[in-house]
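The values are calculated or read from the model by the stated rules, or taken from the named source; none is laboratory data. The model shown is predicted, which means the values in this text are computed figures rather than measured ones. Using ideal geometry, Cβ is built from the backbone for each residue, glycine included, and neighbour counts are taken over all protein chains shown. When the accessible area is computed, the model is the full protein with side chains, heavy atoms only, and any ligands, DNA or RNA have been set aside. Shrake-Rupley method; radii C 1.70, N 1.55, O 1.52, S 1.80 Å.
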2 protein chains.
Amino acid sequence: MEPRSGILCLEPGSPSWPSGLTHIEGVPERLWARGREELLAERPRVAIVGTRGPSPYGEAQAARFGRELAAAGIVVVSGMARGIDQAAHRAALDAGGATIGVLGSGVDRPWPDGEIARRMAIEGLLLSEFQPGTDPRPHHFPLRNRVISGLCHGVVVIEAAAASGSLITARWAADQGRQVWALPGRVDHPLSRGTHRLLREGAALVEAPDEIVREVLGMDSAPPARSEADARAELPEIARAILLALQGETRDASELAERVQRPALEVLAAIVELEMQGRIARGPGGLYRCVT
Amino acid sequence: MEPRSGILCLEPGSPSWPSGLTHIEGVPERLWARGREELLAERPRVAIVGTRGPSPYGEAQAARFGRELAAAGIVVVSGMARGIDQAAHRAALDAGGATIGVLGSGVDRPWPDGEIARRMAIEGLLLSEFQPGTDPRPHHFPLRNRVISGLCHGVVVIEAAAASGSLITARWAADQGRQVWALPGRVDHPLSRGTHRLLREGAALVEAPDEIVREVLGMDSAPPARSEADARAELPEIARAILLALQGETRDASELAERVQRPALEVLAAIVELEMQGRIARGPGGLYRCVT
């Protein structure tokens with residue numbers, strides 16, 4: 001294809017300028033887009049980023065998140081790098097979903113080039129703030145990351161070394177008021193260092209794509225709970241007695257022991273079980289109440 | 001051995017009553033101890049708990065934490081159950097360290113019985129609030145857990161199912177004002193459910209025993225940093241210029257770009273790199289300052 005054919009140039013204020021890129025630090029002067037331009041319209045978008053050299057675990061999780069977010073109608077955004085980024089893009093494409101690749105080079109010379117770049121230019125969208133013809137340069141990539149996060153509701157980080165470009169994306173996301181999710185892994189794997197660092201710094205722990213779908217789309221896809229009456233019938237007698245004693249009342253452990261007339265330690269054990277099950281909650285002064 | 005030989009009975013107020021068990025909900029009426037009674041004296045103690053059926057990863061981590069905490073002079077406390085508990089006890093014993101096993105049965109009839117129980121009665125300490133001769137009963141175990149956490153500075157949870165006795169220990173620990181640490185794992189393993197749940201609820205993420213040793217003993221065992229001058233000499237020129245511009249001043253990104261006379265985007269990229277390295281920090285109003 002010729003260098004500039006099929007390339008759209010946007011400026012802040014253009015109708016299709018992504019609103020997420022209007023109020024960030026360092027608003028790009030222009031954006032060039034190549035592919036399915038409609039993906040820039042208002043749609044829920046989530047970024048999936050991570051190491052260029054993932055473990056099989058990381059690669060599988062990137063594909064799982066890419067596939068399931070795309071299948072739920074969320075646009076999967078990433079940076080086209082080898083490893084986690086490409087696994088996420090590929091899974092989104094394979095699921096027939098939408099995906100945007102944000103480049104550190106011109107959209108006419110995606111880097112790294114290859115099958116995934118060719119597919120993205122047709123089935124997805126390539127996006128860059130660097131004008132067509134620009135070669136990738138090292139300092140482009142940390143900047144590119146602020147566009148990735150700015151486009152999105154939030155960023156999921158899947159495997160990252162202790163000092164990793166993915167952490168830069170997460171930092172941009174936090175600065176921009178976006179959600180940061182981090183996927184935990186084994187503590188004996190070096191690619192868990194980055195995601196665990198994010199979790200220590202307050203990122204949300206994510207185990208499954210469904211959690212993100214629910215948060216971003218505001219849907220509750222959890223299965224309906226069993227009827228409360230059914231569930232209660234299975235409780236031990238002492239637990240039912242405690243729940244009865246907490247109808248419309250708050251009481252502390254010793255009051256409960258007195259009401260249910262069983263040894264204090266047995267009552268305490270049942271209280272802890274009920275608390276673990278989320279049926280009762282402990283408030284100030286050690287007063288328990290029913291959770292309904 | 002005869003049922004009661006070598007068994008010490010303590011009451012609240014006895015000189016060797018562990019101070020951690022004085023102000024908890026449900027103070028035990030008595031404690032029976034068998035083994036190295038000196039382990040009840042004031043010493044740093046940390047509990048290691050988890051599933052009875054760990055993965056090789058969980059078992060290896062329990063042994064690692066047990067060994068390294070014990071080697072640092074911390075008493076390793078656990079519940080003597082198969083799996084994580086026993087791996088922690090055994091590693092502490094093998095390291096020549098100190099360990100306490102808190103039972104849900106009398107100290108003369110540890111459950112489960114076996115080699116580790118026999119070693120604990122001699123090389124470690126068995127402790128129970130249930131009088132000698134008591135058989136284990138299901139409701140003893142959640143209660144036993146409050147003694148485990150009460151004895152300790154904090155509790156480390158290593159692999160636990162979504163609804164697990166280890167989470168009860170963690171709940172007690174939180175209620176008692178103790179630290180709760182949780183070890184993350186792969187999201188595709190069911191025994192990560194419990195520890196990840198704790199992390200979502202605010203437990204501290206732990207990757208290595210050393211973090212706990214530092215927190216409990218108040219030591220800083222981190223290796224000495226390279227000299228700041230050496231480290232700075234390796235920075236790109238633009239980064240050095242930014243650090244210079246932030247000597248004794250706070251400035252925002254556009255001021256910095258003006259001072260260092262380089263394109264705004266390059267400056268932004270360098271700022272993010274410096275922030276990631278912990279050399280500068282972003283404060284209110286987007287003002288950066290040096291971290292020294």
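Quick notes on this one:
- Residue within the stretch B:136-150 that is free of Cβ contacts under 8 Å to residues at least 12 places away in the same chain and either away from chain A (no Cβ under 11 Å) or over 16 Å from the mean Cα position of the chain (by Cα) (or both) present: yes
- Condition check for residue B:63: more than 15 Å from residue B:43 (Cα to Cα), within 14 Å of chain A (Cβ to nearest Cβ) and aliphatic (A, V, I, L, M): yes
- Test: residue in the stretch A:4-11 that is surrounded by 22 or more Cβ atoms within 10 Å (Cβ to Cβ) and either at pLDDT 95 or above or not in a loop (DSSP other than H, G, I, E, B) (or both): no
- From the options B:38, B:42, residue that is closer than 26 Å to residue B:214 by Cα, at pLDDT below 95 and in a helix (DSSP H, G or I): B:38
- Qualifying residues in the stretch B:48-62 (those that are open to solvent by less than 30 Å² (accessible area, probe 1.4 Å) and among the hydrophobic types (A, V, I, L, M, F, W, C)) - the one farthest from residue B:169 (Cα to Cα): B:62
- Any hit, the stretch B:13-32, residues being small (Gly, Ala, Ser) and in a helix (DSSP H, G or I): yes
- No other residue among B:77, B:27 is without any contact (Cβ under 8 Å) to a residue 24 or more places away in the chain and closer than 25 Å to residue B:133 by Cα apart from B:27.
- Taking the stretch B:154-203 as the range and being within 8 Å of chain A (Cβ to nearest Cβ) and among the aliphatic types (A, V, I, L, M) as the test, the residues that pass are B:163, B:167, B:168, B:183, B:187, B:199.
- Here residue A:116 passes the criteria (1) more than 10 Å from chain B (Cβ to nearest Cβ); (2) assigned to a loop (DSSP other than H, G, I, E, B) except the one numbered (2).
- If you go through the stretch A:70-84 and keep only what is closer than 19 Å to residue A:166 by Cα and open to solvent by less than 10 Å² (accessible area, probe 1.4 Å), you end up with A:75, A:76, A:77, A:78, A:79, A:80, A:84.
- Filtering the stretch A:250-292 to residues that are more than 17 Å from residue A:235 (Cβ to Cβ), free of Cβ contacts under 8 Å to residues at least 12 places away in the same chain and either facing chain B (nearest Cβ under 10 Å) or open to solvent by less than 30 Å² (accessible area, probe 1.4 Å) (or both) leaves A:254, A:257, A:263, A:264, A:265, A:282.
- Residue check for residue B:165: open to solvent by 10 Å² or more (accessible area, probe 1.4 Å) and either in contact with a His (Cβ under 7 Å, 6 or more places away or on another chain) or small (Gly, Ala, Ser) (or both): yes
- Any hit, the stretch A:109-116, residues being among the aromatic types (Phe, Trp, Tyr), modelled with pLDDT under 95 and either open to solvent by 10 Å² or more (accessible area, probe 1.4 Å) or touching a His at 6+ places or on another chain (Cβ under 9 Å) (or both): yes
- Odd one out for residue A:32, checked against (1) closer than 16 Å to residue A:148 by Cα; (2) within 14 Å of chain B (Cβ to nearest Cβ): (2)
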